[in-house]
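What follows draws every value from the coordinates through simple rules; no lab data is involved. Since this is a predicted model, take the numbers as computed values, not measurements. Note: ideal-geometry Cβ built from the backbone for every residue, glycine included; neighbour counts use all protein chains shown.
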Amino acid sequence: MSSEWSTSLTSGVDLHLALPDGVPRREGLERVLRDAVRSGRLPAGSRLPSTRALAAELGLARGTVSGAYEQLAAEGFLVPARGSGTVVADVPLSRPTDEPDVSGGSEPSPPHDLRPGSPDVSSFPVQAWLRAARKAVGAAPAAAFDYGDPRGQLVLREELAGYLARTRGVVADPGDVVVTSGYVQALALAATVLGRGPVAMEDPGLPFHRAVVRRAGRSVVPLPVDEDGARPADLAGTGADLAVVTPAHQYPTGVPLSPRRRGELLDWALQDPGRHVVLEDDYDGEFRYDRQPVGALQGRAPDAVVYVGSAAKTLAPGLRLAWMVVPRRLRDELVEAKRHADLATEAIGQLTLAELIGSHAYDRHVRATRLRYRRRSDQLAAVLERRAGRNARARAPHSIAAGLQTVVHVPDEAEVLDRAGRAGLGLEGLGEHFHGGRGRPGVVVGFARPRDAAYPRALEVLSRVLP
């Protein structure tokens, strides 16, 4: 049996709730409110009653309601709004169990989400984007809304060429820039066009990216990574003609490619310039916290390196906007592959991003985001240092110098992931990132995904989960 009631939201809409028997009243209130948010019965933006009003209506102590509100705010389900009470956050909705899964394998977000791979999408600069969209779309010629050039909108390619030269040291002509629908399409195009032999990919690296390459019909060979980054010497004898690397900040280990290794990799490419190509994945190159970001590898050998960048981490993955800077000798074949893949990337987002870059609003957003993530990386480093203090076997980084994640080595990866799952904490195992699924045990901890209000609580749970 459970106690049931209907409570009236500030908007005047009634909401039916059932408080379960056999659990403490605060826990029961947290549970029913959490379920109401997840299911969409409490829509995003709904304003909840004050703690005093809700306590009086439900016959609960005000402290019980206050505690429930605070816990749900820490988990990211509610957002305290100064001067206007508490509102429901915009969180992913759960599906009924009998509803078919058409999400392509995505899973509901855990209450405490420290999985790597995504930024805090709640920080997307909505107002700046809307201003840029109104200006860009209003000024665009009618031809901008036609099928257009497979390389993308010229205005964006011009802005990207200037921006990448200024911030990443990339040598780019607008004619050699190709706008794609995200990094995955760029990788698939490269695997389709750039060579026919095996593709060397960092070990460890993202399993999904290996699957993209294999789906394009290419085999994958591991390119081992150590404390100096990928090891170009290991390319010898593999038969690889395309090497995919993350020089600025290796994923998931976080190490940059050392200057000596950069030279070795370019030597490999230039030994056989008609066949060997390096694909530089600069997925989060803007996020360096201890000094200026490491410049792009492409600037040292523009004819041997295909540079790929993306708006996924600086703005949002949902934009599906990335860009390639392609050596002229490879450009036409790759553009033809792009034409047959999707004809062209959508225009409105391109026009808007061009305006955002041209007005320097993009620079301002990246600087502000970098500062936020630096604070988060410092908080995570402090948690790991405290862990090292209580565990002689633990090794804590002095700092997290770049990127949006760090690796924590643990004796038993499966045990830590199991504890995390039971605590509602999202982490990724390090082992699955190795070719063959076997490697040094550890967990990959992302610090960008949670909302600001939910991040401290996620770190508290992490500190309890780690040995």
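Structure data summary
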| read-out | value |
| --- | --- |
| For segment 29-56 versus segment 149-227, the gap between their alpha-carbon centres in whole angstrom | 45 |
| Separation of alpha-carbon centers, segment 239-296 and segment 427-460, rounded to whole Å | 23 |
| 12 Å beta-carbon shell around Ala44, net charge (K/R +1, D/E -1) | +2 |
| Burial order of peptide ranges 293-302, 128-137 (average beta-carbon count within 10 Å, highest first) | 293-302, 128-137 |
| Sequence ranges 237-247, 257-267, ranked by mean other-Cβ count within 10 angstrom, highest first | 237-247, 257-267 |
| Per-pair calculated FRET efficiency, R0 = 30 Å: Arg41 and Ala139 via Cβ, rounded to 0.05 | 0.10 |
| Mean Cβ neighbour count within 10 Å, used as a protection proxy, ranking 356-367, 441-452 highest first | 441-452, 356-367 |
| For Asp113, distant residues with modelled amide H under 5 Å away | Gly426 |
| For Leu242, distant residues with modelled amide H under 5 Å away | Ala200, Val277 |
| Kirkwood-type radius of the chain, with distances r between different C-alpha atoms, in Å | 24.3 |
| Tensor-based shape of segment 126-363 (alpha-carbon gyration tensor, a/c under 1.5 rounded, otherwise prolate or oblate) | prolate |
| Built amide H within the under 5 Å cut-off of Ala89, gap 5+ | Gly45, Leu78, Val79 |
